[in-house]
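The values are calculated or read from the model by the stated rules, or taken from the named source; none is laboratory data. What you see is a predicted model; the values in this text were computed from it and never measured. Neighbour counts run over all protein chains shown; Cβ positions are idealised from the backbone, glycine included.
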């Protein structure tokens, strides 16, 4: 059975929980195919930029490890503009999308289960 999950993070303080949820889900379903997408918008996009914050750096390292396990990370361009974050500041594993809302609707139409930690 192949599973698809969409994790939505719109608050920076929710990243730790989201990353734990993803790690636990992948651990629980070893051997199964779980397509995992993480879309961040609002203030949540700040979780992709450490700016001398050691806790955020640690979470970005966790994201990078998850990206190596095929977890895909996305950032809303509208949120980046609102939060004054240049897309060049994002880690290489993050893909910028024009609108997170549109992307979340598309993914749900493709059969992704929506989870907001």
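What's the total number of residues in segment 1-36 that are surrounded by fewer than 20 Cβ atoms within 10 Å (Cβ to Cβ) and under 22 Å from residue 83 (Cα atoms)?
Number satisfying all stated conditions: 6.
Search segment 48-68 for residues that are in contact (Cβ under 8 Å) with a residue 40 or more places away in the chain and pair each with any residue that is surrounded by fewer than 12 Cβ atoms within 10 Å (Cβ to Cβ) and in a helix (DSSP H, G or I) when their beta-carbon atoms are under 9 Å apart and the residues are at least 6 apart or on different chains.
Nothing qualifies.
Any residue in segment 73-81 that is modelled with pLDDT of 95 or more, closer than 21 Å to residue 33 by Cβ and buried (at least 18 other Cβ atoms within 10 Å of the Cβ)?
yes
Quick one: in segment 83-103, of everything that is touching a residue at least 40 places away in the same chain (Cβ under 8 Å) and surrounded by fewer than 16 Cβ atoms within 10 Å (Cβ to Cβ), which residue is farthest from the chain's Cα centre (by Cα)? Can you show your working first?
Going residue by residue through segment 83-103, those that are touching a residue at least 40 places away in the same chain (Cβ under 8 Å) are 83, 85, 89-91, 94, 97, 100-101, 103.
Those left that are additionally surrounded by fewer than 16 Cβ atoms within 10 Å (Cβ to Cβ): 89, 91, 101.
Numbers: 89: 16, 91: 12, 101: 14 Å.
Only one residue tops the list, namely 89.
Of everything in segment 104-117, what is part of a helix (DSSP H, G or I) and either surrounded by 15 or more Cβ atoms within 10 Å (Cβ to Cβ) or touching a helix residue (DSSP H, G or I) at 6+ places or on another chain (Cβ under 9 Å) (or both)? Give them in sequence order. Steps first, please.
Looking only at segment 104-117, we keep the residues that are part of a helix (DSSP H, G or I), and these are 104-109.
Selection gives 104, 107.
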